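The values are calculated or read from the model by the stated rules, or taken from the named source; none is laboratory data. Here the structure is a predicted model, which is why all the values come from computation and not from measurement. Glycine gets a Cβ as well: all are built from the backbone with ideal geometry, and neighbour counts include every protein chain shown. Side chains included, ligands, DNA and RNA excluded: accessible areas come from the protein's heavy atoms. Shrake-Rupley method; radii C 1.70, N 1.55, O 1.52, S 1.80 Å.
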Amino acid sequence: GPFYTGVTGLAWTPDGRLVYTAKSGGGMDLWIREASEPSTPKRLTSDNAFALNPQFTADGKQLFFTSNRTTGVFHVWMLDIPTTTFRQITTGDGEMLGSVTRDGETVFHVSAGGKPGILKTAVNGGGSAQVTARRTGLPSVSPDGRQLAFLFVDESTRRRARLAIMP
């Protein structure tokens, strides 16, 4: 229903449209629409899977998101908007997208259940590299691609979430 619309992600396109998640069938699909009312939404995914945390590149040509489409395991996926083709970016035991660089060359993600830490994966090949082994929330890369921000639990108190910013 409408309650679930956007609850697992919402993103602006560079040209001012909105992409959001909405419950449909047994999953959550990605939809795109004009920001103005009235607007007819267009469905971007329709695979009875879950799509989460949509994020665009600066040019609006690639849309990255987390999904359990085709494999049943959550991975980072990319939808090439001009060609409407999908490509699986990560291939581990399960990953959740945190952030994508504005140029679309690198995604930062965390494990969806495996070992803790932030990893970065080159979108066009080259594999993944661990950025930090600390258990964190989803990371966010700065617009210039030089810094990464994330929340983590302070190990000394085990209660207080703290903000970290690292190069």
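Computed over segment 3-79, relative contact order equals 23 percent, with contacts defined as Cα pairs under 8 Å that lie 6+ residues apart. Element breakdown for segment 14-167 at a 1.4 angstrom probe: carbon and sulfur atoms account for 50% of the accessible area. Accessible surface area normalised per residue over the chain is 56 Å², counting heavy atoms of protein chains with a 1.4 Å rolling probe. Checking (i) 47; (ii) 52; (iii) 55 against percent of Cα pairs over 21 Å apart calculated from these atoms, the matching label is (i).
Between the C-alpha center of segment 103-123 and that of segment 61-78 there is a gap of 12 Å.
Split the chain at each of the trypsin sites (Lys or Arg not before Pro) in a DSSP loop with at most 12 other beta carbon atoms within 10 Å, and the longest piece is 1-145.
State, as an integer percentage, the relative contact order of segment 114-161 based on alpha-carbon contacts under 8 Å between residues 6 or more apart. It would help to have the intermediate numbers written out before the result.
Working: 63 pairs, mean separation 12.2, N = 48.
Result for segment 114-161 is 25 percent.
When only the Cβ of Lys, Arg, Asp and Glu is charged (+1, +1, -1, -1), the dipole of segment 1-154 relative to its Cα centre reaches about 200 debye.
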